[in-house]
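Enquirer: I have a structure I would like to understand better, so I am pasting it below and will then ask my questions one at a time.
Quick note: the coordinates plus some simple rules give every number you see, no bench work behind them. Quick caveat: nothing in here was measured; it's all calculated off a predicted structure. Ideal geometry is used to build each Cβ from the backbone, glycine not excepted, and the neighbour counts take in all protein chains shown.
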Amino acid sequence: MRVVGDRKAFDLIGPTRCELIAESDKQKLLDRLGEDPLRDDADPEVVWNRISRSRAPIGKLLLNQSIIAGVGNVFRADALFDQGIHPERPGRELSREEFDALWQRLCEFLAIGVRYNRIITADPETIGRTRGRMRKGERLLVYRKVTCPECVSAIDRWELGNRWMYACPACQS
């Protein structure tokens, strides 16, 4: 939903909650957030400790902002696809190597998003264009796609963590 006035505009498509807070409440809010992959001082060990002990699906854990901050629905779907991890796998079934590669990919995806001011998860070499020249439909891997870019299987879509999840049943195990 977009609200436009004479002097201000608000785009309410993303956040589920938006409010002004006092400076004194800022630290309380920040303390509730997990590690942020965009921050140089983020500690992936903290995230690993939470994920590696959880029976919850990794696709649900990645949306939990108290575990890892900033990963939204598109990044979770495309990062899990990129790493060949099925979203329903329990967090505790990920190997340390899989987690480390997933963390690294999320860091890269989020940094690209900041740099280009849009979500871009597709590889420019695969698309044949630079990131800045990719068309809207070319920027993502599996999110809202009908077929897999790797094997052309139909992409599965279901609700996970109160959001639509997209995954390739053939490429993600």
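Enquirer: Could you list, ordered by first residue, the pairs with Cβ atoms under 8 Å in which the first is in region 126-144 and at negative phi and the second is surrounded by fewer than 11 Cβ atoms within 10 Å (Cβ to Cβ), at least 6 apart or interchain?
Expert: From region 126-144, the pairs are Arg129/Arg135.
For (1) surrounded by fewer than 17 Cβ atoms within 10 Å (Cβ to Cβ); (2) aromatic (Phe, Trp, Tyr); (3) touching a helix residue (DSSP H, G or I) at 6+ places or on another chain (Cβ under 9 Å), each residue gets a yes or a no:
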| residue | (1), (2), (3) |
| --- | --- |
| Leu94 | no, no, yes |
| Glu97 | yes, no, no |
| Leu102 | no, no, yes |
| Ile127 | yes, no, yes |
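Enquirer: Can you name the helices (runs of 4 or more DSSP H) wholly within region 20-84 that have at least 3 residues being crowded, with 18+ Cβ neighbours inside 10 Å and touching a residue at least 12 places away in the same chain (Cβ under 8 Å)? So that I can check it myself, show each step before the final result.
Expert: Working: elements: 23-31, 44-51, 58-61, 73-83.
Result: 44-51, 58-61, 73-83.
Enquirer: In addition: Kindly indicate the residue of region 137-173 that is among the aromatic types (Phe, Trp, Tyr) and closer than 19 Å to Arg118 by Cβ and also surrounded by the most Cβ atoms within 10 Å (Cβ to Cβ) among those meeting that condition.
Expert: Tyr166
Enquirer: With the structure loaded, tell me whether Trp103 is in contact with a strand residue (DSSP E or B) (Cβ under 7 Å, 6 or more places away or on another chain) and not charged (D, E, K, R) or whether it fails that test. Walk me through it before giving the result.
Expert: Numbers: in contact with a strand residue (DSSP E or B) (Cβ under 7 Å, 6 or more places away or on another chain): no; not charged (D, E, K, R): yes.
Judged against the criteria, Trp103 is not a match.
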